[in-house]
Amino acid sequence: MGAGASLIVPTTVIAETTTGDPARDARVNRLLKTVSIESLDEATARSAGALRHRLGLRRAGTIDASVVACADAQNGSIILTSDASDLTRLAQERGRSVVVSLV
């Protein structure tokens with residue numbers, strides 16, 4: 001990432017990656033202290049729903065679609081993930097964001 005870049009984590013990702021157990025969530029919680037947290041507003045949520053529907057993803061695709069919708073709202077976003085398959089398909093739909101696999 002370049003100078004001035006910021007890391008943004010949508011709140012839906014927190015719902016997917018935490019368990020409520022402080023010991024199990026310790027690594028995630030440390031990371032979350034270093035990033036900006038973004039809540040989905042109605043427009044972004046609707047954008048995510050439209051993306052999910054266009055690609056025929058079931059409810060399981062909701063989190064990934066919300067990540068892409070949040071990224072698409074920012075110019076030149078790069079989505080970092082350990083599971084790039086659905087995110088890549090979603091990001092390619094509009095071509096506004098790029099997905100980079102961390103594995």
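What do you reckon, is L57 surrounded by 13 or more Cβ atoms within 10 Å (Cβ to Cβ), in a loop (DSSP other than H, G, I, E, B) and more than 12 Å from the chain's Cα centre (by Cα)?
Working: surrounded by 13 or more Cβ atoms within 10 Å (Cβ to Cβ): yes; in a loop (DSSP other than H, G, I, E, B): yes; more than 12 Å from the chain's Cα centre (by Cα): yes.
So L57 passes the test.
With respect to the numbered conditions (1) in a helix (DSSP H, G or I); (2) at pLDDT 95 or above; (3) surrounded by 12 or more Cβ atoms within 10 Å (Cβ to Cβ), which one is the sole condition not fulfilled by V99?
Result: V99 passes all but (1).
Take the residues in the range 22-53 that are part of a helix (DSSP H, G or I) and touching a helix residue (DSSP H, G or I) at 6+ places or on another chain (Cβ under 6 Å); name whichever of them is surrounded by the fewest Cβ atoms within 10 Å (Cβ to Cβ). Step through it out loud before you land on a result.
Start the filter on the range 22-53 by keeping residues that are part of a helix (DSSP H, G or I), which leaves 26-32, 42-53.
Then drop every residue that is not touching a helix residue (DSSP H, G or I) at 6+ places or on another chain (Cβ under 6 Å), which leaves 28, 44, 47-48, 51-52.
On the way: V28: 14, T44: 17, S47: 20, A48: 25, L51: 23, R52: 24.
If we take residues in the range 22-53 being part of a helix (DSSP H, G or I) and touching a helix residue (DSSP H, G or I) at 6+ places or on another chain (Cβ under 6 Å), then V28 is surrounded by the fewest Cβ atoms within 10 Å (Cβ to Cβ).
When you scan the range 57-103, how many residues do you find that are in contact with a helix residue (DSSP H, G or I) (Cβ under 7 Å, 6 or more places away or on another chain) and either under 19 Å from V28 (Cα atoms) or polar (S, T, N, Q) (or both)?
Final tally of qualifying residues: 10.
Out of the residues in the range 8-21 meeting the condition of being in contact (Cβ under 8 Å) with a residue 40 or more places away in the chain and assigned to a helix (DSSP H, G or I), tell me which one is surrounded by the fewest Cβ atoms within 10 Å (Cβ to Cβ). Explain how you work it out, then say what you get.
The first filter runs over the range 8-21 and keeps only residues in contact (Cβ under 8 Å) with a residue 40 or more places away in the chain, leaving 8, 10, 12-13, 15-16.
From what's left, assigned to a helix (DSSP H, G or I): 12-13, 15-16.
On the way: T12: 21, V13: 21, A15: 10, E16: 12.
In this case the residue turns out to be A15.
The rows are residues; the columns are (1) modelled with pLDDT under 95; (2) among the hydroxyl-bearing types (S, T, Y).
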position	(1), (2)
M1	yes, no
I8	yes, no
T19	no, yes
A23	no, no
K33	no, no
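If you scan the range 61-77, which residues turn out to be touching a residue at least 24 places away in the same chain (Cβ under 8 Å) and exposed (fewer than 14 other Cβ atoms within 10 Å of the Cβ)?
Of everything in the range 61-77, just one residue is touching a residue at least 24 places away in the same chain (Cβ under 8 Å) and exposed (fewer than 14 other Cβ atoms within 10 Å of the Cβ), namely Q74.
A84 is checked against (1) touching a residue at least 24 places away in the same chain (Cβ under 8 Å); (2) over 15 Å from I8 (Cβ atoms); (3) surrounded by 15 or more Cβ atoms within 10 Å (Cβ to Cβ) and fails just one. What number does that condition carry?
(1)
Report yes if T62 is within 14 Å of S97 (Cβ to Cβ) and under 12 Å from the mean Cα position of the chain (by Cα), otherwise no.
Values: within 14 Å of S97 (Cβ to Cβ): no; under 12 Å from the mean Cα position of the chain (by Cα): yes.
Taking the combined requirement at face value, the residue does not satisfy it.
The values are calculated or read from the model by the stated rules, or taken from the named source; none is laboratory data. These figures come from a predicted structure and were not determined experimentally. Counting neighbours? That spans all protein chains shown, and the Cβs are built from the backbone with ideal geometry, glycine included.
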